[in-house]
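Notes follow the structure.
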Amino acid sequence: MSQHPEHIQVRTFGGPTALFEYGGLRFLTDPTFDGPGDYPTPGPTLTKTAPSAATPADLGPIDVVLLSHDEHADNLDHSGRALLADVPLTLTTPGGGQRLGDTARGLADWESVELDRPGGGTITVTAVPAIHGPGPREQVEPFTGQVVGFVLTGEGLPTVYVSGDNASLGAVEEIAARFAPVDTAILFAGAPRFPVLFDGGPIVLDSAQAVEATRMLDARRVVPVHHDSWAHFTEGRDVLEAAFTGAGLAGRLDRDWLRRA
């Protein structure tokens, strides 16, 4: 495993939104803080079923938002968009970087950005592949759009993987070949499905795939997100925990995540 296995604290707020400090900088994933309600889209309507566990005002200053994509409300809602105006840097897809304005930077797969640490040194954030549905990218992206994941590394720091809205174990295999073992994997799971898309196949990892991703990455700790608070998430906390337990990997699940049950 990594020479730097110390944990980072990860706070989850519901949906895909998590906050963690890494190398002296504070990172937020896919900000969604609106209350319950419907979000009509050109395709299926998205329905939020539960409020966030916090408000943007509760978070304190955020240095970087890691945004898997900006086109779906279950990854970036109205409150989340407003929050971006107060964040110095948002890293996202190339298309999102064009849509979101001056503080956003789009990254292509395997492109990296170096961030200065407050006490000296740097953090490397590498954009990694993600596919928002079952099947090859060229067949998926016309329906669900472009998405991206992230890997964070730095001298003396653990390796952190943020999957984003990825449903492809092939993408995970590519990431593992470059970065495994991973100290903390923030896995977007929950098996969201729509009958009109991909014959109802999951457009983000299901619980069994999250287990397999953990094995591929040799992840010593997993923090599941993107499994609650929205009607189209079909596998929640209980199914995730049962899948990890059945695979003999329950010990990899983050203890704080388990306590929040």
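The values are calculated or read from the model by the stated rules, or taken from the named source; none is laboratory data. The shown structure was predicted, so the numbers you read here are calculated from the model rather than taken from an experiment. Note: ideal-geometry Cβ built from the backbone for every residue, glycine included; neighbour counts use all protein chains shown.
Just a few scattered comments:
- Within segment 238-261, tally of residues that are within 18 Å of residue 218 (Cβ to Cβ), part of a helix (DSSP H, G or I) and either of a type in the set (S, T, N, Q) or under 18 Å from the mean Cα position of the chain (by Cα) (or both): 1
- Condition check for residue 184 on (1) crowded, with 18+ Cβ neighbours inside 10 Å; (2) more than 21 Å from residue 7 (Cβ to Cβ); (3) polar (S, T, N, Q): one failure, at (2).
- For segment 186-196, the condition of being modelled with pLDDT under 95 and among the aromatic types (Phe, Trp, Tyr) holds for at least one residue.
- Identity of the residue in segment 108-138, farther than 19 Å from residue 159 by Cα and touching a Phe, Trp or Tyr at 6+ places or on another chain (Cβ under 9 Å), that ends up surrounded by the most Cβ atoms within 10 Å (Cβ to Cβ): 132
- Applying the condition of being surrounded by 20 or more Cβ atoms within 10 Å (Cβ to Cβ) and in contact with a helix residue (DSSP H, G or I) (Cβ under 8 Å, 6 or more places away or on another chain) to segment 18-51 and asking which residue is farthest from residue 100 (Cα to Cα) yields 33.
- Taken together, the residues in segment 218-236 that are over 23 Å from residue 259 (Cβ atoms) and either basic (Lys, Arg) or buried (at least 21 other Cβ atoms within 10 Å of the Cβ) (or both) amount to 0.
- Long-range neighbours under 8 Å by Cβ, at least six apart or interchain, first residue in contact (Cβ under 8 Å) with a residue 40 or more places away in the chain within segment 247-258, second not in a strand (DSSP E or B): 256/9
- Of all residues in segment 194-211, those that are in contact (Cβ under 8 Å) with a residue 24 or more places away in the chain and not in a loop (DSSP other than H, G, I, E, B) total 6.
- Residues being among the polar types (S, T, N, Q), modelled with pLDDT of 95 or more and either at positive phi or part of a loop (DSSP other than H, G, I, E, B) (or both) - total across segment 1-25: 1
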